[in-house]
Amino acid sequence: MPKTDEDLYNRLDALGISYETKEHAAVFTVEESQALCGSIPGAHIKNLFLRDKKKRLWLATVLEDRMVDLKALKKRLGAQASLSFGNPDLLMEVLGVIPGSVTPFGIINDTDKRVTVVLDTGLFEHETVNCHPLRNDRTTSLTGDGLKAFVAAEGYEPIMIDFGKPLIEEV
């Protein structure tokens, strides 16, 4: 069984990471999230669960208003063939969440460390970062340093990319 939001809160507490969670109606798209959660201060994100031809996996967490050029990102990450979105079964198997609930917190369920975490450096220009806590009817707010500490504590060294700049220039 995948870990739940309560497991996540316990993990954040154990790590000494401060957070606040607000409940709301379930949201499945950035547009729905903006309409319902836009009043929550801080950076709002979108998460891309990606795979390549060799079945390598990435979880890219970027500011919600960033355009992501998958062809350029493929080159930047060294992916084979094109990047595509992982299907719902793979998403549940690896991150323990359903579509619409993808979150950087999902790595708590990636016990085999199959995912490479990619974080938008723009997230850390905000005092607060807002993420789904493994479900899409809540938003959990924490500092950028708190998010970095969680990712590190789960055993990941994220790839940091400035998605505000064209990715081709970073190659």
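The values are calculated or read from the model by the stated rules, or taken from the named source; none is laboratory data. Because the structure is a prediction, the values reported are computed rather than measured. Neighbour counts run over all protein chains shown; Cβ positions are idealised from the backbone, glycine included.
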Checklist entry - Has region 36-51 got at least one residue that is within 25 Å of T128 (Cβ to Cβ) and among the charged types (D, E, K, R)? => result yes
Next on the checklist: Kindly evaluate D112 against the criterion of being farther than 22 Å from P166 by Cβ, outside any loop (DSSP other than H, G, I, E, B), more than 13 Å from the chain's Cα centre (by Cα) and at pLDDT 95 or above.
Outcome noted: no
Checklist entry - Restricting attention to region 54-71, does a residue exist that is over 21 Å from F163 (Cα atoms), of a type in the set (K, R) and loosely packed, with under 13 Cβ neighbours inside 10 Å? => result yes
Next on the checklist: Restricting to region 129-143, and then to whatever is outside any strand (DSSP E or B) and in contact with a Leu (Cβ under 6 Å, 6 or more places away or on another chain), can you tell me which residue is surrounded by the most Cβ atoms within 10 Å (Cβ to Cβ)?
Outcome noted: L134
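Matching residues to (1) surrounded by fewer than 16 Cβ atoms within 10 Å (Cβ to Cβ); (2) of a type in the set (K, R); (3) out of contact with any Phe, Trp or Tyr (no Cβ under 8 Å at 6 or more places or on another chain):
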| site | (1), (2), (3) |
| --- | --- |
| G86 | no, no, no |
| T103 | no, no, yes |
| E127 | yes, no, yes |
| E157 | yes, no, yes |
